[in-house]
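As structure tokens, the structure follows; a few thoughts come after it.
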Amino acid sequence: MRTRTTDPRRAARIAAVGAVTLVAGFMPGTGAATDTRTAEADVAYTCDLPSGAQPVAVHIAAELPVTTSIGTAIRPRDVALSFELPRSVLSASPGAEPVAVSGSARMLIEVSQRGESTEVPWQGLEIPEFPLPATGDLSLRATGEVPTITPRSSGDVLFALGQLDVGLAPRAAEGAGDAPPPLAFSCKADPDQSAELATVTVPPESGTTPPSGAAPEPSGGTTPDRSGGAKAGRAADLPTGACSHPQTARS
């Protein structure tokens, strides 16, 4: 993980907005921390492409607070996901040779506090259409707004990278015939490496004793289908006293 201090389209989609359930330590909130830095991580992934397993180096950056208080939203901003794929992932499919491609990505983020964790989908990260290079790999960059997380207790909040889902929509030149069909695939982080993006410190309130953690449940999610669309997952059951539906961060 690297950090540096900073001052405060239509595309093929592989994930529909699923209900996010956050419990036991996390809740939606108002307000936002302002003491921010840009967190960056480089993580090795293996992607399940039609041609087989493909190693892919993924770079992610997001503006996150250094510290926040209990009940104050952690709002990731300027989220950008970058990676390269071999051009053959598009040309191997039937159809006319594509001249441009667009798409979207979803990254599952594991958010942990006090030894308990929940998965939060950073979805709807869009890859704007760009012309394909004559030779060489495809350099893809996905950006977009992601949900907020609000700690309900003190203790470090850790953000780590999880599964990456990608959907691509090739476009053929006008009059050249049908473009190759949309492509959807998933990537998993390789084992035996750190996938940490950032840690946000949440100090205890004055005169209080830090509570023990309790298990959050995974959020509802989506899975890509081979048409480049999405299948919505079922939201996790919400235990009594928990809060749900984090807000989406906005600039």
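The values are calculated or read from the model by the stated rules, or taken from the named source; none is laboratory data. As the structure is a computational prediction, the values presented were derived from the model and not from experiment. Methodologically, a virtual Cβ is constructed for each residue, glycine included, from the backbone with ideal geometry; neighbour enumeration extends over all protein chains shown.
Evaluated against (1) under 30 Å from Glu97 (Cα atoms); (2) modelled with pLDDT of 95 or more, Pro182 falls short on exactly one condition, (2). Among the residues of region 105-122, is there at least one that is over 17 Å from Leu197 (Cα atoms), under 12 Å from the mean Cα position of the chain (by Cα) and of a type outside the set (A, V, I, L, M, F, W, C)? Checking region 105-122: not a single residue is over 17 Å from Leu197 (Cα atoms), under 12 Å from the mean Cα position of the chain (by Cα) and of a type outside the set (A, V, I, L, M, F, W, C). Scanning region 77-104 for residues that are touching a strand residue (DSSP E or B) at 6+ places or on another chain (Cβ under 7 Å), of a type in the set (A, V, I, L, M) and within 15 Å of Leu138 (Cα to Cα) gives Leu81, Leu85, Val89, Leu90, Val99, Ala100, Val101. Out of the residues in region 68-89 that are at pLDDT 95 or above, within 30 Å of Gly155 (Cα to Cα) and surrounded by fewer than 18 Cβ atoms within 10 Å (Cβ to Cβ), state the one that is farthest from the chain's Cα centre (by Cα). Within region 68-89, the match that is farthest from the chain's Cα centre (by Cα) is Asp78.
Criterion first (modelled with pLDDT under 90 and either over 21 Å from Glu40 (Cβ atoms) or in a strand (DSSP E or B) (or both)) does Pro170 satisfy it? Spelling it out, it is not the case that Pro170 is modelled with pLDDT under 90 and either over 21 Å from Glu40 (Cβ atoms) or in a strand (DSSP E or B) (or both). Of the numbered criteria (1) assigned to a loop (DSSP other than H, G, I, E, B); (2) surrounded by 20 or more Cβ atoms within 10 Å (Cβ to Cβ), the one Leu161 fails is (1).
Flag not set for Thr199, criterion: of a type outside the set (Phe, Trp, Tyr), within 17 Å of the chain's Cα centre (by Cα), outside any loop (DSSP other than H, G, I, E, B) and at pLDDT below 85. The number of residues in region 143-158 being closer than 24 Å to Ala105 by Cα and not in a strand (DSSP E or B) comes to 3.
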